[in-house]
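First the structure, in the form of structure tokens, and then the observations on it.
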Amino acid sequence: MKKIVFYIVLSSIMSSVMTIAAYKQYVKEEPFPFPYTSSSAKTRLTSSSLVSSAGFPDFTRVVSKTIHAVVNVKNYSRKYNNQFDPFDFFFGFPDDWENNRDRGRKPQRNDTPGLHGSGVIISPDGYIVTNNHVIKDAEKIEISLSDQRTYKAKLIGTDPSTDIALLKINEKNLPFIYFSDSNKVQVGEWVLAIGNPFDLNSTVTAGIISAKNRSLGILRGETQSAIESFFQTDAAVNPGNSGGALINTNGELIGINTAISSASGNFIGYSFAAPSNLVAKVIQDIKKYGTVQRAYLGVRGMDFSKTEYLKAYNKETHQNIKSQQGFLIGEVFEKSGAADAGLKKGDIIKSIDGKPIQNVADLSFIVGTKYPGDKVKVNIIRNRHKKTFNVILKDLQGKTKIRTKKEITPSELLGAIFEPLSQESKKDFGIDYGILIKEIITGRLSSIGLEEGDIILSINGEKMKKPNDVDRVLKKYSGDVTIKSIKPNGQVYIVGFEMN
């Protein structure tokens, strides 16, 4: 009997050891997801905790759970010119804008921040998400916590297409906010905006989701591949709130406050936030690959919200397409996933992977959360008949695999194909160097106004004599890029952008 008990105990101990070892191995092989999602949260607030003893809405527990995870982001840059920028209507004004404007000069030192914004701590080891426009052109980024501790932040990466940036500070055991599934957000639900308007730290405002899937066109000045599918809220958001948190009543992140729509630059009833699912995809890519893995369907077109555009299209194509929900394809790009699958001009996209497409914001958001190589099911209407196509998404170079930042050439980032300048062109323009932009697609060059047929003379002061010079000069380069070019009419332009 004693032997039997001994073997039972021994068997139990060995089983426990094996279980613990297996669990540790599992934990080692399956790291905690980044960013932290609400499914991992241990506690959720009940509806009863959102009502005060007097019977009115009470967000005190939600705020205490999240407010210390929203930080002040300061952008230090000598580059900032204090001239008026139309984007200020969306993004706010720099410190002492009125005074510096009157002086009419640029600051000569970077010991005073040019812009203030907000950021959200999304992991206990110091990862912070904010807006790209908050830290754009920064020579130094400083983070201030709610308890006044300050840190110098490292820029991990940015994505102008979504206006998202990922930062990192060296600290542990920080308060952070869990991500929630923004697809579950409903119009009419309560939300809170937390940020630093006018450099007033840790400010909280409340409102509701007023609308979903708003496209404003404010990011297209940065890039032609902009993805805009904002939440619209009536929670008060002012200059300095950019990059701050939009949270639900469980204290989970559902969006990053990005813009306000106002003629004065201050809140007048509408604010806009990038949805958390899109933000999560962007920062995951930046952290894992060094760059955002962007997939494209390969079409251009319009939704039916602009009746004048639809009338013009019907007149041009001799059709009588009626206004409806969906996306009307006006062009299918060659060698794209859409072209390979058989989509055509005039098709009306009604849904992708079973998710209805009501407008261009829906389309850009759904495709924007996918990866090159992903297969999507596209339901369309063609000549009043329903059809379904399986489309394999590609990147801008027509590739279907994930590529790290190191694998992408500078020419690809610029979004252009170059060719040597002919002797005839050299003679016509009176130059002995330069490369011709043969083809231009969505990328940095298109966003700064360069076009097919333009001649690039120099990049960062180095003469361009052959197409390979672009990659030679910009390979492993980070910082400001200056391009000198000639238009076909002979006008010389100098333009620039930031490469990181």
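The values are calculated or read from the model by the stated rules, or taken from the named source; none is laboratory data. The model shown is predicted, which means the values in this text are computed figures rather than measured ones. Positions of Cβ are backbone-derived with ideal geometry, glycine not excepted, and every protein chain shown enters the neighbour counts. Keep in mind that these areas ignore ligands, DNA and RNA; they rest on the heavy atoms of the full protein, side chains included. Shrake-Rupley method; radii C 1.70, N 1.55, O 1.52, S 1.80 Å.
On inspection, Lys350 fails the criterion of being closer than 23 Å to Val492 by Cα, assigned to a strand (DSSP E or B) and not aromatic (Phe, Trp, Tyr).
Can you tell me which residue in the stretch 159-190 is surrounded by the most Cβ atoms within 10 Å (Cβ to Cβ), limited to those that are over 15 Å from Val129 (Cα atoms) and over 21 Å from the mean Cα position of the chain (by Cα)? Of everything passing the filter in the stretch 159-190, Trp190 is surrounded by the most Cβ atoms within 10 Å (Cβ to Cβ). Within the stretch 146-158, restricting attention to residues that are within 24 Å of the chain's Cα centre (by Cα) and of a type in the set (Val, Ile, Thr), the residue that is nearest to Thr130 (Cα to Cα) is Thr158.
Screening Thr203 against (1) closer than 24 Å to Thr158 by Cα; (2) modelled with pLDDT under 95; (3) in contact with a strand residue (DSSP E or B) (Cβ under 9 Å, 6 or more places away or on another chain) leaves a single unmet condition, (1).
The set of residues from the stretch 53-94 being modelled with pLDDT under 75, in contact with a Ser or Thr (Cβ under 7 Å, 6 or more places away or on another chain) and surrounded by fewer than 20 Cβ atoms within 10 Å (Cβ to Cβ) comprises just one member, Phe89.
Glu419 meets each of the listed conditions (1) touching a Leu at 6+ places or on another chain (Cβ under 8 Å); (2) of a type in the set (Asp, Glu); (3) surrounded by 17 or more Cβ atoms within 10 Å (Cβ to Cβ) apart from (3). Within the stretch 435-463, the residues that satisfy the criterion of being at pLDDT below 85 and surrounded by fewer than 16 Cβ atoms within 10 Å (Cβ to Cβ) are Glu439, Gly449. Taken over the stretch 138-158, the criterion of being surrounded by 21 or more Cβ atoms within 10 Å (Cβ to Cβ) and of a type in the set (A, V, I, L, M) is satisfied by Ala138, Ile141, Ile143, Ala153. Considering the stretch 256-347, the qualifying strands (runs of 3 or more DSSP E), each wholly inside and each with 2 or more residues that are over 19 Å from Ile402 (Cβ atoms) and open to solvent by less than 10 Å² (accessible area, probe 1.4 Å), run over 271-275, 327-332.
The conditions of being closer than 26 Å to Ser77 by Cα and out of contact with any helix residue (DSSP H, G or I) (no Cβ under 9 Å at 6 or more places or on another chain) are met by Ser478. Just one of the numbered conditions (1) within 29 Å of Leu155 (Cα to Cα); (2) touching a residue at least 40 places away in the same chain (Cβ under 8 Å); (3) out of contact with any Phe, Trp or Tyr (no Cβ under 7 Å at 6 or more places or on another chain) is not true of Met499: (3). Check Gln186, Gln224 and return the single one that is under 30 Å from Asp353 (Cβ atoms) and either at pLDDT below 90 or acidic (Asp, Glu) (or both). On inspection, the qualifying residue turns out to be Gln224.
Exactly one residue out of Lys399, Lys427, Lys466 is basic (Lys, Arg), more than 21 Å from Ser336 (Cα to Cα), open to solvent by 50 Å² or more (accessible area, probe 1.4 Å) and in contact with a Pro (Cβ under 8 Å, 6 or more places away or on another chain), and it is Lys466.
Selection over the stretch 373-396 of residues that are surrounded by 21 or more Cβ atoms within 10 Å (Cβ to Cβ) and at pLDDT below 95 gives a count of 1.
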